[in-house]
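Bear in mind that the values in this text are calculations on the coordinates, not laboratory data. As the structure is a prediction and not an experimental result, all values here were calculated from the model. Methodologically, a virtual Cβ is constructed for each residue, glycine included, from the backbone with ideal geometry; neighbour enumeration extends over all protein chains shown.
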Protein chains: 2
Amino acid sequence: MGYERREATGDSTSLHLPLYKTEPALRPNGCAQCEIRHLTICSAFESNQVGHIEQLMNRRELSEGQSLFEEEGDAQYAYNLIEGTIRLYKLLPDGRRQITGFALPGDFLGLSSHGHYAYSAEAVSGAVLCRFKGADLQRLFRNFPMIEHRVLSMANDELAAAQDQMLLLGRKTPMEKVSSFLLTLSARLVRNTRNHDELTLPMTRNDIADFLGLTVETVSRTFSKLRSAGIIALPTPDHVRISDRPRLMAVASGGPAI
Amino acid sequence: MGYERREATGDSTSLHLPLYKTEPALRPNGCAQCEIRHLTICSAFESNQVGHIEQLMNRRELSEGQSLFEEEGDAQYAYNLIEGTIRLYKLLPDGRRQITGFALPGDFLGLSSHGHYAYSAEAVSGAVLCRFKGADLQRLFRNFPMIEHRVLSMANDELAAAQDQMLLLGRKTPMEKVSSFLLTLSARLVRNTRNHDELTLPMTRNDIADFLGLTVETVSRTFSKLRSAGIIALPTPDHVRISDRPRLMAVASGGPAI
DNA sequence: CGACAGTTTGATGTGTTTCAATGGCCGTGG
DNA sequence: CCACGGCCATTGAAACACATCAAACTGTCG
């Protein structure tokens, strides 16, 4: 970035909506049937123990663009994402935005050690989450150290991902950024798709730009270059097929430019 | 970054040295007298309990430029930094370097959930550390959940710092980057200096550049601009006096350029 | 004193941003 | 059904901020 600043064009329509709508009654399947339990903090429990967690939890649904919480806000709740994609971001006073990550099903968000959220979170598309009260979580940690152990392990993974992202933001070229992004996303979406090389991007080019520290135009141009080099195909703007993974990997790690 | 790459000029002399030298006998003062205990994971213990941790720990000293561990290496040990500064960094295949953070006394490094270090670590200047075997730590966590709780809290703080750094790397101008860097460092060094506005930079311009995603030249020029604007003074290259903190803060958060 | 490493400053180049315009898709409404 | 408007993605042209290249300067150490 640098140069002149531009206002973030994030869905301003979605701001200032009610923070969430609770639907405690809507819980068709219990935690025991939860398909992604093994990915979440709940994996620290055996199937017959999830009751301990189930009674502390509320289900929450978000529609596209809806805000879950905002940076600096009181961190009263933490969340387990069950379905959908959430963008986590920070803003500068003049509106420049940095997306620090995209949460996918199984991810745990909102834990803070200072009682204030470190970033804002809003739904990229429709999303379903489990909500926990911070105080309940602390009690859970005391009673079941396995849970805290699991959360620490997830925090460590997040930290490693953050360090990878710092390397990307600080030292990679746009070509390397976009290629790395596609490969990382493809790896994270493995569970959702039969074919690892077919991915549906839930987020816009603008989101990708704000995640990679680029402008929309540069992201778009880079996609186009990858397409005309035969490395990816773009049936639609949000549908990417990786047609030459080895070359994509080569480009991602600083190989010969396109 | 972008454009043509340049080799990282990190102290290549320091690579391939023995990873560390153990000096288990040299422990003049026990943990009970440790001046920075309240900053470390050890703060979870009362003074009379530190014996539990003391017997698991080895003291380690590093000389300037010496490597503590390398990315991808077997994460056998974790460390508590007692004295000095450590740079944590990742490299790209062609030598580009991103410093992901500078560890200061009280910081805890090397914990990994996968058994491999996520980054390399080497001493910026002489350093003293306490070393723990990973397996011992796990046992400690089981026996004293307070310790694990403390580590989780520190991991959360690190994560928040990493997110701030992503915002800096992806969306701030060089001027904002350098100003933010000085302010953040000044806040972290508070314990060391009587005057918050006098700081001694332990690291080189090159380190700062690799931390901020810039080149040495840009960092140097930015320091010069801040100096000629009367915002900082530079008695020597590594001695910074913040002479107009309010303006430095304004510049750091996107205020009018210099 | 000379060698060296780090810092600073100057001149030049260029890749990404910025500015601008077009095209595609979709929901809405005449 | 088609026209319209809005949003998003794409593409082109131009500007410029930071990188690159180059050289001078500083302090330190042998």
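Quick notes
- Pairs where the first residue, in region B:120-145, is more than 11 Å from every other protein chain (Cβ to nearest Cβ) and touching a residue at least 12 places away in the same chain (Cβ under 8 Å) and the second is polar (S, T, N, Q) and in a loop (DSSP other than H, G, I, E, B), C-beta under 6 Å, 6+ apart: B:ALA123/B:GLN66; B:VAL124/B:THR85; B:SER125/B:THR85; B:GLY126/B:SER63; B:GLY134/B:GLN76
- With respect to being without any contact (Cβ under 8 Å) to a residue 12 or more places away in the chain and either of a type in the set (Ser, Thr, Tyr) or within 14 Å of another protein chain (Cβ to nearest Cβ) (or both), A:ASN156 fits the description.
- Subset of region B:198-237 (residues that are among the hydroxyl-bearing types (Ser, Thr, Tyr) and either closer than 28 Å to B:ALA121 by Cα or within 14 Å of DNA strand D (Cβ to nearest atom) (or both)): B:THR200, B:THR204, B:THR215, B:THR218, B:SER220, B:THR222, B:SER224, B:THR236
- Test set (1) buried (at least 18 other Cβ atoms within 10 Å of the Cβ); (2) within 16 Å of DNA strand C (Cβ to nearest atom) - A:ASP238 fails condition number: (1)
- Single unsatisfied condition, A:LEU129 versus (1) part of a helix (DSSP H, G or I); (2) over 28 Å from B:GLU176 (Cβ atoms): (1)
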